[in-house]
Amino acid sequence: MTLAEPRQHHNSAARRMPRLILLTDDRRLPDPLPAIARLPTGSGVILRHHDWPERRQLARAVARLCRQRRLILLVANDWRLAAEIGADGVHLAEGLARHGLTASCRLWRRRHGALLSVAAHSALALGQAARLGADFALLSQAFPSRSHPGRPALGPLRFAILARRSRLPIIALGGVNHQSWRRLPKSCARGWAAIDGLCPPK
């Protein structure tokens with residue numbers, strides 16, 4: 001059985017919230033380690049690589065590098081793997097967040113002060129993330145993105161409206177890079193996340 005948690009405000013969680021996040025991707029970023037090594041101290045990494053054959057080995061290597069670089073590591077959709085490698089928290093896809101957290105995951109979060117971020121694409125999803133007790137949400141897609149070709153983007157104005165109405169701190173996702181980030185109205189988001197926008201140049 002899964003239950004949603006009431007939202008709690010944790011000052012320590014706010015201090016640990018990364019303002020810049022790299023999302024790994026098994027097709028577009030098969031080896032994420034070089035990109036992770038380029039991130040500034042205090043940035044975040046969301047380890048996805050959902051179908052990677054050696055995901056656990058990669059997860060351990062990513063965790064070691066994040067500790068060395070003093071980066072915040074979240075594991076996507078797998079709190080048990082996050083606990084196993086000593087990650088800072090877990091990131092949930094919007095669909096999984098609808099089902100709430102298991103009792104075991106809630107216990108792990110309480111014992112270790114683990115962060116929880118949630119993907120959201122609408123005001124409804126942002127409300128669900130807040131009720132779940134998430135520390136912040138990744139709101140997408142801000143701009144057209146290779147991750148979802150053909151899907152309409154929110155655009156700066158719609159993004160800002162949703163972000164400012166949210167009860168949670170917002171990280172911008174979807175077509176965001178160092179240039180497009182400046183197109184979003186100031187103070188509507190705490191930071192941004194990307195795959196291509198944070199990959200090392202080829």
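The values are calculated or read from the model by the stated rules, or taken from the named source; none is laboratory data. Bear in mind that the values here come from a model prediction, so they are computed numbers and not experimental data. As a convention, Cβ positions derive from the backbone with ideal geometry for all residues, glycine included, and neighbour counts pool all protein chains shown.
Some notes on this structure:
- Residues in region 129-147 that are in a helix (DSSP H, G or I) and either free of Cβ contacts under 8 Å to residues at least 24 places away in the same chain or crowded, with 19+ Cβ neighbours inside 10 Å (or both): Ala129, Leu132.
- Yes/no for Gly86 being at positive phi and either without any contact (Cβ under 8 Å) to a residue 12 or more places away in the chain or among the polar types (S, T, N, Q) (or both): no
- Restricting Ala153, Ala142 to those that are of a type outside the set (Phe, Trp, Tyr), on the phi < 0 side of the Ramachandran plot and more than 17 Å from the chain's Cα centre (by Cα) reduces the list to Ala153.
- Checking each residue in region 169-202 for being touching a residue at least 60 places away in the same chain (Cβ under 8 Å) and not small (Gly, Ala, Ser) picks out Pro169, Ile171, Leu173, Arg190, Trp192, Ile195, Asp196, Leu198, Cys199, Pro200.
- Any hit, region 61-72, residues being assigned to a helix (DSSP H, G or I) and in contact with a helix residue (DSSP H, G or I) (Cβ under 6 Å, 6 or more places away or on another chain): yes
- Scanning region 96-127 for residues that are in contact with a helix residue (DSSP H, G or I) (Cβ under 9 Å, 6 or more places away or on another chain), under 14 Å from Asn77 (Cα atoms), of a type in the set (A, V, I, L, M) and in a helix (DSSP H, G or I) returns a single hit, Ala97.
- Just one of the listed residues (Ala163, Ala119) is farther than 24 Å from Ala87 by Cβ and out of contact with any His (no Cβ under 6 Å at 6 or more places or on another chain), and it is Ala163.
- For region 161-188, a residue qualifies if it is part of a loop (DSSP other than H, G, I, E, B), of a type outside the set (Lys, Arg) and closer than 19 Å to Ala93 by Cα, and the qualifying residues are Ser166, Leu168, Pro169, Gly174, Gly175, Val176.
- Selection status of Trp192, modelled with pLDDT of 95 or more, under 20 Å from Asp25 (Cβ atoms) and either in a helix (DSSP H, G or I) or of a type in the set (Ser, Thr, Tyr) (or both): no
- From the options Ala93, Ala61, residue that is surrounded by fewer than 18 Cβ atoms within 10 Å (Cβ to Cβ) and closer than 24 Å to Gln128 by Cα: Ala93
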